[in-house]
Amino acid sequence: MPQPLSGNLFDLCTEPVSSEVRRAVEWIGTAGSAESRGAVFTRPEVVEFILDLIGYTEDQPLFERKILEPSFGHGDFLLAALKRLLASCRSYFSKELAPVERLADAVVAVELHADSFAKTLEQIAGILVDEGYSASDADLLVSQWLHQGDFLLTPLKGRFDYVVGNPPYVRQELLASALLVRYRQLYRTIYDRADLYVPFIERSLGLLNQAGHLGFICSDRWMKNRYGGPLREFVSRDFNLDVIVDMNETPAFHSGVSAYTAVTVFSRDRNAITRMTSNPPVEKVVLEKLAVELRDGIHTQSAVPVREIHGIVNDAEPWIFESSVRTRLLRRLEDEFPTLEKAACKVGIGVATGADKVFIGKAFDVESDRLLPLLTGKDIRSGRVEWSGKLLVNPYADDGALVDLRCYPRLARYFDHHRESLSQRHCARKSPDNWYKTIDRVWPELTRKPKLLIPDIKGSAHIVFDPGHGYPHHNLYYVISDSWDLRALQAVLLSGISQLFIDSYSTRIRGGYLRFQAQYLRRIRMPYWRDVSEPLRDELRAAAEAFDIQACNVAVSRLYGLSCEEIAALGISGG
């Protein structure tokens, strides 16, 4: 984790931009594809909903306020905001035109893509003329409101009452290296594999005035993933998450987008209350009522359930949206018990080869001691190991070093036949002498070691005991231990306690599935094996061997000393 955040390193108004950075920005602004600039367009009902959530409503004197749209694209948010601004002016100025000077600072909008900028500018100028402004006044206003440039590099004056929009979805690998270096200099929240929307949120929050509100629709991955830690810390210092609307199963955009999205509203009001709902229907009347309830806490019979949650924002920790009882239980377990790995259980992931067609199959003309039985998710689907016969070609010796191909002529011929494809892999280009390596090192002794196997993606915990039949593929995580009895550990991981931790810390994907990844498994808390009584050890083992989830929950409720309220909150039955 990087050092604690202390604001931006540079003053955007004074720092020079290098020629490499300028060329990279100009390319995105002129020749860049929709993908390269992260263009995703929001449905109008959702746009109006977010404007309502931040309080940018026409009953307010919007000409006295300032709104910022940091990446306006085709104007989805900007045009809707302009209509509200003009309606507010008609109300406050008795249907007369608001003086141009009263509107000069009302809007600031930034867009990098030249064609999108020009088309939206033309639309806004046309709306102003239709409203009754002269062409010269309309040109004056759009020239003051609209700025073509990179929001992350563009100097902006003052602070804002409202920030709204849909920040761009751009992966780091799509950016020119010089531009990424520059962004990293300016924004401390760009950490690990953070997408571009992360610094957009950082800068936008920093531009809010004391009473300001920010409303974005964007990916929700940063709220729990590793790369979001610095941004979560940034939020926790000065801001509150007022509203979150899970939109993962909601068609919020004009076209299908394979992103996991949420609407979020932030403010500088440190009340620590968050109102939350999930997947509302994209219907105007429903969203209007829901916005009032989420924004003001006024029950409107919106037919969409709203929850109030306290203490979601907690330094760099992942955000937990569980009920208060489940959250209190989670915190109690974290206070009272060590993590899975501190309790002498190791979490790992199976082998990634970078060339499965070469390394994995059912028959190979290589030396027999170069083959290991491979286990995949399909092999444990039934709840026990049922090996399909797949084999892994193992290029490693027992000591972890690559074998000398001169000692294995059949293996050497096989790899040489596939040398071209193997050498083109990233791991081989980094280490040309080791061109026949797998991405992950293979440790043959893991094949024979008893372990628990866990598929990456599942709706609920699916933990399978392998007494030592095979080597796990990269779609499987594994847990081993020289302390805990693995059958007893299997009962714990099959229980509602395991589900509580994964539910709380994992990011959900389409269909409500969870990611049972190492980073989340390592958060599970459990007692030391030495502290488990012999009768309870036997009960845990028996429950797991029978693959009886109810029996696992009964035993585990005793293991953790769960109260009746805690058992009910987990949705399990205690014994």
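The values are calculated or read from the model by the stated rules, or taken from the named source; none is laboratory data. Since the model is a prediction, treat every value here as computed from it, not as a measurement. Neighbour counts are summed over all protein chains in view; Cβ atoms, including those assigned to glycine, are modelled from backbone coordinates with ideal geometry. We work out accessible area using only protein heavy atoms, side chains counted, and drop any ligands, DNA or RNA first. Shrake-Rupley method; radii C 1.70, N 1.55, O 1.52, S 1.80 Å.
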Yes or no: SER368 of a type in the set (Ser, Thr, Tyr) and under 27 Å from GLU545 (Cα atoms)? no
List pairs: first in segment 343-366 and free of Cβ contacts under 8 Å to residues at least 40 places away in the same chain and more than 30 Å from ASP482 (Cβ to Cβ), second open to solvent by 50 Å² or more (accessible area, probe 1.4 Å) and part of a strand (DSSP E or B), Cβ under 8 Å, 6+ apart or cross-chain? none
Select from segment 197-207 the residues that are crowded, with 23+ Cβ neighbours inside 10 Å and of a type in the set (A, V, I, L, M) and list them in ascending order. VAL198, ILE201
Mind checking whether some residue in segment 391-407 is in contact (Cβ under 8 Å) with a residue 60 or more places away in the chain and either surrounded by fewer than 17 Cβ atoms within 10 Å (Cβ to Cβ) or aliphatic (A, V, I, L, M) (or both)? yes
Name the single residue, out of those in segment 516-532 being open to solvent by less than 60 Å² (accessible area, probe 1.4 Å) and more than 32 Å from the chain's Cα centre (by Cα), that is nearest to TYR478 (Cα to Cα). TRP529
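For (1) within 34 Å of the chain's Cα centre (by Cα); (2) within 21 Å of LYS362 (Cβ to Cβ), each residue gets a yes or a no:
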site: ASP398; (1), (2): no, no
site: LEU402; (1), (2): no, no
site: PRO409; (1), (2): no, no
site: SER423; (1), (2): yes, no
site: CYS427; (1), (2): yes, no
site: ASP433; (1), (2): no, no
site: THR438; (1), (2): yes, yes
Looking at segment 403-426, can you tell me whether even one residue there is touching a Cys at 6+ places or on another chain (Cβ under 9 Å), under 12 Å from THR353 (Cβ atoms) and of a type in the set (S, T, N, Q)? no
Quick test of your reading of the structure: ASP335 fulfils all but one of (1) within 31 Å of the chain's Cα centre (by Cα); (2) in contact (Cβ under 8 Å) with a residue 24 or more places away in the chain. Name the failing condition by number. (2)
Might you let me know whether segment 556-573 holds any residue that is within 33 Å of the chain's Cα centre (by Cα), basic (Lys, Arg) and open to solvent by 40 Å² or more (accessible area, probe 1.4 Å)? no
When the residues of segment 125-171 are filtered to those that are under 29 Å from the mean Cα position of the chain (by Cα) and under 21 Å from THR57 (Cα atoms), which remaining residue is most open to solvent (accessible area, probe 1.4 Å)? ARG159
If we keep only residues of segment 454-504 that are among the charged types (D, E, K, R), out of contact with any helix residue (DSSP H, G or I) (no Cβ under 7 Å at 6 or more places or on another chain) and more than 28 Å from TRP319 (Cα to Cα), then the residue surrounded by the fewest Cβ atoms within 10 Å (Cβ to Cβ) is ASP482
In the list SER94, SER116, SER177, which residue meets the criterion of being out of contact with any helix residue (DSSP H, G or I) (no Cβ under 9 Å at 6 or more places or on another chain) and surrounded by fewer than 17 Cβ atoms within 10 Å (Cβ to Cβ)? SER94
So which residues in segment 47-69 are assigned to a loop (DSSP other than H, G, I, E, B) and either open to solvent by 20 Å² or more (accessible area, probe 1.4 Å) or of a type outside the set (A, V, I, L, M) (or both)? GLY55, TYR56, THR57, GLU58, ASP59, GLN60, PRO61, ARG65, LYS66
Given (1) within 26 Å of LYS83 (Cα to Cα); (2) surrounded by 17 or more Cβ atoms within 10 Å (Cβ to Cβ); (3) in contact (Cβ under 8 Å) with a residue 60 or more places away in the chain, identify the lone condition not met by VAL235. (1)
Meets criteria (charged (D, E, K, R) and under 26 Å from TYR227 (Cα atoms)) for ARG523: yes
Residues of segment 270-295 being open to solvent by less than 40 Å² (accessible area, probe 1.4 Å) and either β-branched (Val, Ile, Thr) or within 13 Å of LEU241 (Cα to Cα) (or both), in sequence order, are THR274, MET276, THR277, VAL282, VAL286, LEU294
Qualifying residues in segment 352-390 (those that are assigned to a loop (DSSP other than H, G, I, E, B), open to solvent by 80 Å² or more (accessible area, probe 1.4 Å) and acidic (Asp, Glu)) - the one farthest from ILE463 (Cα to Cα): ASP365
Residue that is modelled with the highest pLDDT, among those in segment 245-269 that are aromatic (Phe, Trp, Tyr) and open to solvent by less than 50 Å² (accessible area, probe 1.4 Å): PHE266
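A quick yes/no check of all residues on (1) outside any helix (DSSP H, G or I); (2) in contact (Cβ under 8 Å) with a residue 40 or more places away in the chain:
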residue	(1), (2)
SER71	yes, yes
LEU79	no, yes
VAL129	no, no
ALA138	no, no
Provide a single number: the residues in segment 218-244 that are hydrophobic (A, V, I, L, M, F, W, C), at pLDDT 95 or above and within 15 Å of the chain's Cα centre (by Cα). 2
Qualifying positions in segment 332-348 - among the basic types (Lys, Arg) and open to solvent by less than 70 Å² (accessible area, probe 1.4 Å): ARG332
If you check every pair at least six apart or on different chains, which have Cβ atoms under 7 Å apart with a residue in segment 523-546 that is farther than 16 Å from LEU486 by Cβ and at pLDDT 95 or above first and a residue that is of a type in the set (Asp, Glu) and open to solvent by less than 60 Å² (accessible area, probe 1.4 Å) second? ARG525/GLU334
Restricting the first residue to segment 484-507 and requiring it to be within 15 Å of GLY571 (Cβ to Cβ), which pairs with a second residue that is surrounded by 24 or more Cβ atoms within 10 Å (Cβ to Cβ) and not hydrophobic (A, V, I, L, M, F, W, C) meet a Cβ separation below 7 Å and a spacing of at least six or different chains? SER495/ASN553; GLY496/ASN553
Return yes or no: is LYS451 free of Cβ contacts under 8 Å to residues at least 40 places away in the same chain, more than 25 Å from ALA568 (Cα to Cα) and open to solvent by less than 20 Å² (accessible area, probe 1.4 Å)? yes
